[in-house]
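No value in this document is a laboratory result; all are computed from the given coordinates. If you're wondering where the values come from, they're calculated on a predicted model, not measured in any experiment. Cβ placement follows ideal geometry from the backbone for every residue including glycine, while neighbour counts extend to all protein chains displayed.
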Amino acid sequence: MYTYLKPIRGLSSIRSTSFLESVYDYEKTLFANGYNSHVVRFHLHSVAHFGIWLEQKGIKLGTVDEGTITAFERHRSRCRCPAASHNRRRNVISCIRVFLHHLRKQKIIPHVKPAEESSALVRDFLLWLTAHRGSVMTTQFSYRLYVTNLIEFLGDDPQTYTAAGLRDFLAKRYRHYGCNSIRMVLAAVTMFLRYLALDGRCRAGLEQALLSPANWSQQSLPQGLTFEEVQRILTFCPTTPTGIRDRAVLLLLIRLGLRAGDIAALKLSDLSFETATIKVSGKGNREVRLPLPQDVGEALLEYLRMGRPQIESKHVFLRAVAPYGVFGERGHGHAISHIARMFLCRWENGAFSVVQANDKEQAIEMLDEVANAEAMPLYTITDFMVHFRLTDEGIIELEGFGEHFGDHVRECVHPILGELDVSPYDASTEEKARIMAAVEQERSRLKAGPASQPDTELGKQIKAQTDLPTSIINRHVHSAARKVLQESRPKGKPH
């Protein structure tokens with residue numbers, strides 16, 4: 001077992017040898033997954049308290065279920081166990097769930113039985129969906145939810161389904177959904193109705209009663225990136241393990257046009273550096289081999305050698321922070337699509353800056369060359385387009401914004417100006433006066449609030465002298481403190 005500066009409270013009070021062996025194995029797994037000693041110690045504190053409580057109640061580990069965890073959570077609010085940790089943080093229960101998940105993987109305790117399908121009709125539909133449409137698990141999960149709701153609303157006899165009933169179902173059950181979400185519901189219901197019609201269980205053509213909501217968000221073809229823009233995006237990737245991974249992902253997106261879900265599901269066996277090809281399973285589980293360009297192959301090799309966590313996993317791309325492993329099982333493409341994001345910062349004087357970063361903290365650090373953005377509003381934007389023109393004098397001037405980005409600026413950054421709905425280029429004298437008054441309001445309506453303070457007294461002194469972002473100060477102070485502790489740690493084993 002790892003030697004901590006302070007002992008794990010409550011661990012020595014546990015009498016069950018099998019429980020202690022499971023705890024020691026769990027500790028090794030946490031370290032193998034990249035957790036640092038402070039986080040591991042917190043996990044073990046929580047697990048030790050849980051073990052003491054189980055012995056007090058006479059509950060065997062193999063019988064633990066969701067009701068047991070709920071009872072333990074109630075116990076924590078009035079806990080008086082003398083040997084256990086009395087930490088009241090919510091993530092204590094999260095630590096218990098992770099521990100139980102580890103025990104299930106080791107087959108020490110039984111797996112939780114999944115809930116049964118709502119009806120045989122749903123099971124038949126999902127089997128047909130897999131066999132004839134090649135749908136993946138994420139699609140089946142969402143379709144099952146919507147189809148189950150439909151059957152609960154209209155009944156399990158498809159012969160009684162009518163166009164009015166279907167429209168009534170959407171109007172009452174999903175009236176709060178937006179356009180994109182309602183399209184997912186429509187896709188599931190439409191596919192279900194087609195299956196019923198093919199199987200002779202309902203009248204054909206019912207799906208035509210459901211109309212997709214109108215949406216004019218993209219009236220023209222989407223604009224691609226120029227070569228210079230692509231190069232500028234790639235240069236933003238740092239030489240850290242996370243940056244090396246992100247650069248490889250971006251090259252796969254740019255050079256091969258892969259979807260986010262394809263990249264997240266990519267396995268080591270799909271790469272063939274000998275033949276310079278890559279195997280991709282697209283929609284419908286259709287496999288295809290694509291040529292592997294030189295720069296993409298070099299980026300993948302660099303990631304596998306220097307950026308990928310050294311754990312046993314068949315997937316190529318893994319999480320860069322503990323616990324190391326594949327991206328989330330549901331919607332794993334979401335993590336890929338958020339590797340490169342744009343952040344907009346609105347300053348006190350009405351000006352704003354746009355920066356590309358991996359997260360909000362990195363955006364604040366990059367914006368520090370303009371000013372400290374910690375206390376300023378920071379928005380995540382998905383549509384960013386600006387137009388510049390070159391004057392005869394060789395000056396680059398801003399010509400305008402893209403339609404969607406301009407709407408975002410008017411709504412979030414300059415709402416008072418946006419309400420005027422007046423163009424400053426052909427405004428009358430009266431309209432110009434209104435615009436100037438609105439500009440003054442925009443410049444005075446927003447004041448920077450108090451910035452977050454560093455964790456240490458030394459950090460607070462540094463912030464008072466430099467006004468650096470708190471995240472930068474904390475990182476440097478903690479790094480210096482770790483070096484001092486490592487240098488002052490006594491040699492040899494502790495007595």
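As a rough footprinting exposure proxy, the listed residues Phe352, Phe169 were ranked by other beta carbons within 10 Å of their own, and the order from fewest upward is Phe352, Phe169. With a ≥ b ≥ c taken as the square roots of the eigenvalues of the C-alpha gyration tensor of the stretch 227-337, please select rounded if a/c is under 1.5 and otherwise prolate if a/b is larger than b/c or oblate if it is not? The shape class here is rounded. Placing +1 on each Lys and Arg Cβ and -1 on each Asp and Glu Cβ, with no other charges, gives the chain a dipole about its Cα centre of roughly 3060 debye. Ordering of 250-258, 389-397 by packing is 250-258, 389-397, highest average first (other Cβ atoms within 10 Å, averaged per residue).
Put simply, the amide H of Phe352, placed in the peptide plane, has neighbours under 5 Å in Trp347, leaving out anything fewer than 5 places away on its chain.
With viscosity set to 1.002 mPa s and temperature to 20 °C, compute the Stokes-Einstein D of the chain, Rh being the Kirkwood radius across alpha carbon pairs; µm²/s, no decimals. It comes out at roughly 75 µm²/s.
Listed cross-link partners Lys107/Lys483; Lys28/Lys463; Lys360/Lys483 are compared with a 31 Å cut-off, the Cα-Cα value being larger for Lys107/Lys483; Lys28/Lys463. Couplings 3J(HN,Hα) of the stretch 272-281, computed from phi: 10, 6, 5, 9, 6, 9, 9, 9, 10, 9 Hz, in residue order, whole Hz [Karplus 6.51 cos²θ - 1.76 cosθ + 1.60, θ = phi - 60°; x for Gly and Pro]. Each of Asp168, Asp270 was scored by other Cβ atoms within 10 Å of its Cβ. Listed from fewest to most, they are Asp168, Asp270. Just so you know, the Rg over Rh for the stretch 120-206 is 0.94, from Cα atoms, with Rh as the Kirkwood radius. When you filter the chymotrypsin sites (Phe, Trp or Tyr not before Pro) in the stretch 393-467 for DSSP loop state and at most 15 other Cβ atoms inside 10 Å of their Cβ, you are left with Tyr425. Applying the criteria of a DSSP loop state and at most 12 other Cβ atoms within 10 Å to the GluC sites (Glu not before Pro) of the stretch 243-310 yields Glu274.
Dipole orientation for the chain: of the candidates Gln310, Asn349, Gln362, Gln310 has the Cα lying most toward the positive pole (charges on Cβ; Lys, Arg +1; Asp, Glu -1).
Sorting 369-378, 102-111 by their mean Cβ neighbour count within 10 Å, with the most densely packed peptide first, gives 369-378, 102-111.
The trypsin sites (Lys or Arg not before Pro) of the stretch 121-183 that DSSP puts in a loop, and whose beta carbon has at most 13 other beta carbons within 10 Å, are Arg175. Rounded, prolate or oblate for the stretch 11-105? Axes are the square roots of the Cα gyration tensor eigenvalues, ordered a ≥ b ≥ c, and the cut-off for rounded is a/c under 1.5. Here the stretch 11-105 falls in the rounded category. Is the C-alpha gyration tensor of the stretch 225-287 telling us rounded, prolate or oblate? Criteria: a/c under 1.5 is rounded; beyond that, a/b larger than b/c is prolate, otherwise oblate. Verdict is prolate for the stretch 225-287.
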